[in-house]
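Asker: Questions regarding the structure given below will be posed in turn.
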């Protein structure tokens, strides 16, 4: 590979690098633009007079005496209590990931080791449920939730998100477990483990990359969800994404766009950290040596 | 200390018969080899003994105690898998120690036991490596050490050598033989390699299509195969088998006439081993045919002739040279002949 790269003509190499740089700028630009703009006032970031105002910060200086302001952030976090939404999101994500992974690893393992044919049909049905847009389920559960008086609470949203998420986690973990040779469980069982101990002491340690990857996807689903959380949670219990939407205002109420921008940045930042942190775990090849003879 | 008994053991998946009515008593300390081609049910039999496969019908008893419903962990067996099945997240030391740990054996004894087991398979220098950093032969030895560390009642080995290269296989085979002599534990060893079976076994069980074909010592199986399948499976080259007729004690087939046999008249398959036959002067042998092929083996020359559909091999001196197509005469005295019923395949002489 290395020698191939060296053989490439300089011109082609330059073009390739150029395209890559252009693509990176195009991909990263919206994020940096939003980050930059979040420290300005609305008059600058959404300036009708001159778009360069956002760079110079003309209105921001006039209104606050400085080119940068944290007004958007204090407004969102303190005045509008965005911290509550952040806390709610944390709770929702924590429980959704924990429950999904617990059920998913146990179920995925059982399905992967099952010799019965219904395991296949079970997974196929799970796939169909996964393929449905979550919003189609709303009409089914919303009236019931009202009737039972459980609408608006976090646990309700968690249950619905887990239900929507579970087919996917089952599928993903099932295929990860399939890649772990059955000899490993059997060897552990002959060595003195029960089925569960074999799962716990031998299979799960090998499974970490799969569990983390699947957990990350479950987390993202819960974290980014709008359809379910906006529908189910009342105003005090809102998570971050519906809260951002509410900042934008409705036909009746005037929103504050800059609060929304600051909240968007606050919501995105943890995702960057998270993915950067877990990147290594996902890539790590723990199974090497187990599969090969 | 374990005698293993299999009584009418059956394994079926739907209509498919994996193991058919297996009956055997394996005395304590015996090294038993289950031998047969792939899909013959030998591994299934072992897995039923280990408890990894349910028994459809019949009984398995270890030390007089029926173990049908016991989990693998409660049968006090240790198993070496074909793939070794080492725990990739643990180093060699932890791999070997694992059975002690999960069984709650006094932790203060672990170190000595692990070191003793690893010394027996010469792994002392690798204790801190992960399985991924070991060669195939080393991994195989870790699997062996993990099996012996606990000093179980029964060893089960599922084709432990089949993933090694030819040279390593010979030395590891010797090591297993030595180890089993030292440990003197009942061992069941599954293989499709008849040389492994011959060299390691106290007794061999030859299986095909889920049915036991013959049980006996390696010599018995080699010298008196019970049927045509065993005759054609054991030995390198396999036994020569010629279809023909016996009339008044004389076997006749194309290019073949062997008198002096004591067997009833009728359609018969005659067998003999390549090394038992020899070359004769022209016209004096019982088989006379042109050479089909000639192979130099180094220590001998293997000559084959064609009798009908069958290739018949005979071992000649290493200096023997001839051209393909040259006529040759082979001496097949009646003493070296094995007779089988052509219809049933069963041995018919005494």
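Asker: Measure out, as a whole number of angstrom, how far apart the alpha-carbon centroids of the range B:200-228 and the range A:48-115 sit.
Answerer: When both Cα centres are located, 72 Å separates them.
Asker: If you take the beta carbon distance between residue A:114 and residue A:179 as r and set R0 to 22 Å, what does 1/(1 + (r/R0)^6) give as a FRET efficiency, to the nearest 0.05? Intermediate values should be presented prior to the final figure.
Answerer: Values: r = 16 Å, r/R0 = 0.72.
My answer for the efficiency is 0.90.
Asker: Sticking with this structure for a sec: Using helices alone, what [θ] at 222 nm do you get for chain B, with -39,500 (n - 2.57) per DSSP H run of 4 or more residues, divided over all residues and rounded to the nearest 500?
Answerer: Using -39500 (n - 2.57) per qualifying helix, the result is -7000 deg cm²/dmol.
Asker: Could you rank the peptides A:71-77, A:144-150, B:116-122 by their average count of other C-beta atoms within 10 Å per residue, with the highest value first?
Answerer: In descending order of packing, they fall as A:71-77, B:116-122, A:144-150.
Asker: So, by mean Cβ neighbours within 10 angstrom, what's the order for B:297-308, A:237-248 with the highest one leading?
Answerer: In decreasing order of mean packing, B:297-308, A:237-248 become A:237-248, B:297-308.
Asker: Please compute, for peptide A:193-203, the average count of beta-carbon atoms on other protein chains lying within 10 Å of each residue's beta-carbon.
Answerer: Across A:193-203, the average partner-chain Cβ count within 10 Å equals 3.
Asker: In addition: Under a plain spin-label model, where a point goes 7 Å from the Cα along Cα-to-Cβ, how far apart in nm are residue B:54 and residue B:109?
Answerer: A separation of 3.6 nm, rounded to one decimal place.
Asker: Nearest 5 percent is fine: what portion of the DSSP beta bridges confined to chain B is antiparallel? Walk me through the numbers on the way to the answer.
Answerer: On the way: 58 of 76 bridges.
The antiparallel proportion sits near 75 percent.
Asker: If you don't mind, there's one more thing I want to ask. Name the most mobile residue of A:256, A:224, A:179, meaning the one with the largest mean-square fluctuation, in a Gaussian network model of chain A with Cα contacts below 10 Å.
Answerer: A:179
Asker: Hey, got the average number of other protein chain Cβ atoms within 10 angstrom for residues in B:96-103? Spell out each step's value before the answer.
Answerer: Numbers: counts 0, 0, 7, 6, 2, 4, 10, 3.
Per residue, the number of nearby Cβ atoms from other chains is 4 on average.
Asker: Shifting gears a bit: Counting only DSSP beta bridges with both residues in the protein assembly as shown, what percent are antiparallel, rounded to the nearest 5?
Answerer: 75
Asker: Also, I was wondering about something else. Shape call for the range B:91-185 from the C-alpha gyration tensor, a ≥ b ≥ c root eigenvalues: rounded (a/c under 1.5), prolate (a/b greater than b/c) or oblate? List each step's numbers first, then the result.
Answerer: Working: a/c = 1.97, a/b = 1.33, b/c = 1.47.
Here the range B:91-185 falls in the oblate category.
Asker: Mind running the shape call on chain A? Use the C-alpha gyration tensor, a ≥ b ≥ c as the square roots of the eigenvalues: rounded below 1.5 for a/c, prolate if a/b tops b/c, oblate otherwise.
Answerer: Oblate is the answer for chain A, as a/c is 1.5 or above yet b/c matches or exceeds a/b.
Asker: Another question, if that's okay. In peptide B:86-93, what is the residue-averaged number of other protein chain Cβ atoms found within 10 Å of each Cβ?
Answerer: What the average comes to for B:86-93 is 5.
Asker: So for the range B:136-268: antiparallel DSSP bridges make up what percent, rounded to the nearest 5?
Answerer: 75
Asker: Kindly express, to the nearest 10 degrees and within the range 0 to 90, the angle between helix A:82-113's C-alpha long axis and the longest C-alpha principal axis of chain A.
Answerer: 20
Asker: Helix B:110-120 sits at what angle to the longest principal axis of chain B, using alpha carbons and giving 0 to 90 degrees rounded to 10?
Answerer: With rounding to tens, the tilt is 20 degrees.
Asker: Next question. If you average the C-alpha positions of the range B:88-130 and of the range B:229-257 separately, how far apart do those two centres end up, in angstrom?
Answerer: Cα centroid of the range B:88-130 versus Cα centroid of the range B:229-257: 53 Å apart.
Asker: Now, a different point. Taking the Cβ of each residue in A:212, A:25 as the centre, tally the other Cβ atoms inside 10 Å and list the residues starting with the fewest.
Answerer: A:25, A:212
Asker: Hey, can you rank B:277-284, B:309-316 by average C-beta count inside 10 Å, highest first?
Answerer: The packing order, highest mean first, is B:309-316, B:277-284.
Asker: Put a dot 7 Å past each Cα toward the Cβ at residue A:230 and residue B:128; how far apart are the dots in nm?
Answerer: With each label placed 7 Å out from Cα toward Cβ, I get 5.8 nm.
Asker: Further question: Note the angle between two axes, namely the Cα long axis of helix A:135-148 and the longest principal axis of the Cα atoms of chain A, as a number of degrees from 0 to 90, rounded to the nearest 10.
Answerer: Roughly 90 degrees, rounded to the nearest 10.
Asker: Name the shape class, rounded, prolate or oblate, that the alpha-carbon gyration tensor gives for the range B:7-70, where a ≥ b ≥ c are the square roots of its eigenvalues, rounded holds for a/c under 1.5, and otherwise prolate holds if a/b is larger than b/c and oblate otherwise.
Answerer: oblate
Every read-out reported here was derived from the displayed coordinates using simple, explicitly stated rules and does not represent laboratory data. Since the structure is predicted, the reported quantities are computational estimates derived from the model, not experimental observations. Glycine also receives a Cβ, built like all others from the backbone with ideal geometry; neighbour counts cover every protein chain displayed.
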